[in-house]
Amino acid sequence: MRVRRAQIHEHLQEMGLIIPTSLAEIPVVIDIADSIRRGKQELRLAIKPEAEAVGLTLQDLAKQVRQGFYGEEVQRIQRGRDAVWVMLRVRRQTITGRRTILGNRNFKPRFPYHR
């Protein structure tokens, strides 16, 4: 039987409530705290057969989604031991950023151009 991540997270949250309550019943135990924090959101991508047929790969799609979040690296400058990345992004007035990509199921990827 395969357990989903959501089920594991729910189980951990439940244990996070039960264990501190049990520990609080022990008179010598004080200052109980938990460290359960939600992880970062994960975006799982998949390519439809129609997209594969016209040459779009999962790597192409992942790159385009990343560009939507962070922009495109247009230059890398070496400054001694450090590197500076110059990123090109669309203005916030033009696109609402991450929420548009995550919330918009009508995301239209750019397809590779082949001659």
Could you count how many residues in region 30-68 are of a type in the set (Asp, Glu) and either part of a helix (DSSP H, G or I) or touching a Cys at 6+ places or on another chain (Cβ under 9 Å) (or both)? 3
Kindly indicate whether Glu72 is of a type in the set (Asp, Glu), surrounded by 12 or more Cβ atoms within 10 Å (Cβ to Cβ) and modelled with pLDDT under 90. yes
Kindly indicate whether Ala33 is outside the structural domain of Val90 (by TED's automatic domain parsing), among the small types (Gly, Ala, Ser) and without any contact (Cβ under 8 Å) to a residue 40 or more places away in the chain. yes
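The values are calculated or read from the model by the stated rules, or taken from the named source; none is laboratory data. Keep in mind the model is a prediction, meaning the values are calculated, not measured. FYI the Cβ positions are ideal-geometry reconstructions off the backbone, even for glycines, and counts take in every protein chain you see.
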